[in-house]
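The values are calculated or read from the model by the stated rules, or taken from the named source; none is laboratory data. All values derive from a computational prediction rather than experimental measurement. In this analysis, Cβ positions are derived from the backbone assuming ideal geometry, glycine residues included, and neighbour counts consider all displayed protein chains. In case anyone asks, the SASA skips ligands and DNA or RNA and just uses the protein heavy atoms, side chains included. Shrake-Rupley method; radii C 1.70, N 1.55, O 1.52, S 1.80 Å.
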Amino acid sequence: MAISAKDVQSLREQTGCGMMDCKKALTEAGGDMEKAVELLREKGLAAAQKKAGRIAAEGMVYSIVEDGKGAIVEVNSETDFVAKNEGFRAFVDKVARAIIKHQPATVEELLTLDFEGETIEASLQEKILTIGENIKIRRFEKYDGVLVPYIHGGGTHAVMVNFDTDAETAKKPEFTEYAKNVAMQIAALNPSFLDKTDVPSDTLEKEKEILKQQALNEGKPEEIAEKMVLGRINKYYKEVCLLEQPYVKDDKISVGQYTEQTAKELGGKIKITAFSRYEKGEGLEKRQDDFAAEVASMQKK
């Protein structure tokens, strides 16, 4: 019998299992929803649903480049221990390579992709069952061009930097060293923008208001406070704009000046056009283990 997409979706919502697993179960059960749930439970697949509500704020971030295309991705787990699991790390690499190959627009689309003989969602469900923790693909970005990836601390931070340069310059070991230094700068100092022109006008105006109020609170007259804002806003640029930041290995020059200097030395052009910096679990609620509550719960049982 034909299995409708609506029934597959309904079973998926009930069990948390992958779409293909749900379709197979419904086919095997002759369209009987309850029987299909039982089949999924018997196969151990529906067990993944129990983990779906648990907080996943650990895991790792990862960046990779293949054939001029790149991906930076974050995959979360419940505990930091899982990030050291080779199976988990292999899954993260698989996800990144699937992004490069198929260029999905969203995480939802990524999950439906068939890669290495199974969908990413099916592979995810298998990892949840095998590892025993909730695992989520949180976010990713795609890149194209002259790219340099950087991963710090085994996956606590990941960076992808996009450069505009000529082919000969890109091949030189000096460029590779320069590009890695820029990526490490981004990982360490966490710039929010590439340069001054990237700072949104409303963000800049808000910062100016704050700086002016600080000056007024220091007892400065209105006209003096206005002038002080101009000086202090340059300090703000040096904190949040990559090209304005002092270069970490030589704070007498900015990253922009370091880039110009390297391009001149190599006899080519170099321009940083974009970058992404992911930090594992940033902005996510962390799991709070309550040992006393856990003991009390065990006693009740």
Note to self: All but one of (1) surrounded by 15 or more Cβ atoms within 10 Å (Cβ to Cβ); (2) among the basic types (Lys, Arg); (3) closer than 24 Å to residue 151 by Cβ hold for residue 208; state the number of the condition that does not hold.
What the structure shows: (3)
Check: For residue 164, all conditions in the list (1) exposed (fewer than 15 other Cβ atoms within 10 Å of the Cβ); (2) not in a strand (DSSP E or B) hold save one; what is the number of the exception?
Finding: (2)
Next item on the list: Go through segment 1-34 and give me each residue that's assigned to a loop (DSSP other than H, G, I, E, B), exposed (fewer than 14 other Cβ atoms within 10 Å of the Cβ) and modelled with pLDDT under 85.
Entry: 1, 2
Next item on the list: Restricting attention to segment 183-224, report how many residues are within 30 Å of residue 63 (Cβ to Cβ), part of a loop (DSSP other than H, G, I, E, B) and not charged (D, E, K, R).
Entry: 6
Next item on the list: Name every residue in segment 65-83 that is crowded, with 18+ Cβ neighbours inside 10 Å, modelled with pLDDT under 95 and hydrophobic (A, V, I, L, M, F, W, C), in order of residue number.
Entry: 82, 83
Check: If you go through segment 250-281, how many residues are surrounded by fewer than 19 Cβ atoms within 10 Å (Cβ to Cβ) and within 19 Å of residue 169 (Cβ to Cβ)?
Finding: 14
Check: Which residues, counting only those in segment 233-268, are of a type in the set (Lys, Arg) and more than 25 Å from residue 63 (Cα to Cα)?
Finding: 235, 238, 252, 264
Check: Within segment 282-296, can one find any residue that is at pLDDT 50 or above, in contact with a Gly (Cβ under 9 Å, 6 or more places away or on another chain) and surrounded by 14 or more Cβ atoms within 10 Å (Cβ to Cβ)?
Finding: no
Next item on the list: Would you tally the residues in segment 125-141 being within 10 Å of the chain's Cα centre (by Cα) and closer than 14 Å to residue 76 by Cα?
Entry: 4
Note to self: Quick check on segment 142-157: of everything there that is buried (at least 21 other Cβ atoms within 10 Å of the Cβ) and over 21 Å from residue 102 (Cα atoms), which residue is nearest to the chain's Cα centre (by Cα)?
What the structure shows: 157
Next item on the list: Out of 237, 178, 247, report the one residue that is open to solvent by 20 Å² or more (accessible area, probe 1.4 Å), over 22 Å from the mean Cα position of the chain (by Cα) and of a type in the set (Phe, Trp, Tyr).
Entry: 237
Checklist line | Hits in segment 95-106 (condition: open to solvent by 30 Å² or more (accessible area, probe 1.4 Å) and either of a type outside the set (A, V, I, L, M) or in contact with a strand residue (DSSP E or B) (Cβ under 7 Å, 6 or more places away or on another chain) (or both)) | finding: 97, 101, 102, 103, 106
Margin query: Quick check on segment 182-201: of everything there that is out of contact with any Leu (no Cβ under 6 Å at 6 or more places or on another chain) and crowded, with 18+ Cβ neighbours inside 10 Å, which residue is nearest to residue 263 (Cα to Cα)?
Written below: 182
Next item on the list: Just give me the residues in segment 269-283 being over 8 Å from the mean Cα position of the chain (by Cα) and either closer than 14 Å to residue 150 by Cβ or small (Gly, Ala, Ser) (or both), in sequence order.
Entry: 272, 274, 275, 276, 281, 283
